[in-house]
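Structure first, commentary second.
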Amino acid sequence: MQSVLLNIQQSRSDLTKTEQTIADYILKNPHLVIKDSVQELASKIPTSPASVVRFSQKFCGDGGFSELKIRLSAESGLETELYKELSPNDSFEELEKKLSFRINQSISKTSDILDESALEQAVKLLDNHETILVFGIGASALAAKDLQQKFLRIGKTVLVMEDVHLLSTTLLGHPSSTALILISNSGETAEIISSASLAKEQGVPLIAITQASQNTLNYLADVKLETDNSTENVHLRSAATTSLIAQLYTVDLLYYRFFANSYDNNAKLISASQKFIMNNFRR
């Protein structure tokens, strides 16, 4: 289950002033909130009961305030330090706990967000096109390379494009046999958007791996594989780690779903490559 306290903390900058006041009280006193009624909590903050109810629905859906209390109760045994950002004074143990906590939360939220039908659409596009182009910048380029090495092992032609000019030339020259995967956490990088726009013009199907938000890449994509967007609001970029983990997790899901469609044949290809490497490159 996702941490409601971490979600509240990471969403704080996007909340209204009233919601921020409620958030601050809950973050400081989660153990007290679980004992209060809506009216009691509202009087302590202070705010209106209606504001508390709306706040609860924002983070807990239809379960509202009752669900909020249940989830806070479930987290009562966790260390409050885990919700705080990384600090230069953190010990190795504290750093380890904070990062593993955030990584687990990012994977959990991505799992909840990612749409199964979108994943199936992406698999069909990959299966129906001879060549797959993949492009990402910065940390997203690492996810692009991970996708390439996985699919190459099962005989799928995947080209990681490291230059946007070369990507543009390839899109212009081979539109009918090509599909494009763009990986971008923000979904607003200039090179990513120009590539997405060109793919649209050329009729090249586009799969986007990007955060769940109303970003430009999501708008242009034919298929959206959405990841956790909560890390974007933190001050120190542990987000650079957790957003990459969310992307790698999504790449894995895409790969294994594609793999399963021709399991026996793909398993033989993996086995053959493993044997060749063992016999030729290991002593």
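The values are calculated or read from the model by the stated rules, or taken from the named source; none is laboratory data. As the structure is a computational prediction, the values presented were derived from the model and not from experiment. Glycine also receives a Cβ, built like all others from the backbone with ideal geometry; neighbour counts cover every protein chain displayed.
Can you give me the number of residues within segment 148-175 that are polar (S, T, N, Q), touching a residue at least 24 places away in the same chain (Cβ under 8 Å) and closer than 24 Å to PHE258 by Cβ?
Of the residues in that region, 2 qualify.
Give all pairs with beta carbons closer than 8 Å in which a residue from segment 46-73 that is over 17 Å from PRO30 (Cβ atoms) meets a residue that is modelled with pLDDT under 85 and outside any helix (DSSP H, G or I); count only pairs at least 6 apart in sequence or on separate chains.
Listed pairs, sorted by first residue: none to list.
When you scan segment 80-118, how many residues do you find that are more than 24 Å from LYS28 (Cβ to Cβ), surrounded by 12 or more Cβ atoms within 10 Å (Cβ to Cβ) and modelled with pLDDT under 80?
0
Quick one: which of LEU182, LEU167 is closer than 18 Å to ALA122 by Cβ, crowded, with 17+ Cβ neighbours inside 10 Å and either touching a helix residue (DSSP H, G or I) at 6+ places or on another chain (Cβ under 6 Å) or among the β-branched types (Val, Ile, Thr) (or both)? Steps first, please.
Values: LEU167 fails: closer than 18 Å to ALA122 by Cβ.
The conditions single out LEU182.
Can you name the residue in segment 202-247 that is part of a helix (DSSP H, G or I) and within 11 Å of THR110 (Cα to Cα) and is also modelled with the lowest pLDDT among such residues?
SER230
Would you say ALA199 is assigned to a helix (DSSP H, G or I) and closer than 22 Å to ALA118 by Cα?
Taking the combined requirement at face value, the residue satisfies it.
Quick test for you: out of GLY187, GLY155, GLY173, pick the one residue that is surrounded by fewer than 21 Cβ atoms within 10 Å (Cβ to Cβ) and touching a Leu at 6+ places or on another chain (Cβ under 7 Å).
Being surrounded by fewer than 21 Cβ atoms within 10 Å (Cβ to Cβ) and touching a Leu at 6+ places or on another chain (Cβ under 7 Å) holds for just one of GLY187, GLY155, GLY173, which is GLY155.
I'm trying to understand the selection: among the residues of segment 249-265, which are of a type outside the set (Phe, Trp, Tyr) and surrounded by 20 or more Cβ atoms within 10 Å (Cβ to Cβ)?
THR250, VAL251, LEU254
Answer yes or no as to whether LEU125 is touching a Pro at 6+ places or on another chain (Cβ under 8 Å) and in contact (Cβ under 8 Å) with a residue 60 or more places away in the chain.
Against the criterion (touching a Pro at 6+ places or on another chain (Cβ under 8 Å) and in contact (Cβ under 8 Å) with a residue 60 or more places away in the chain), LEU125 qualifies.
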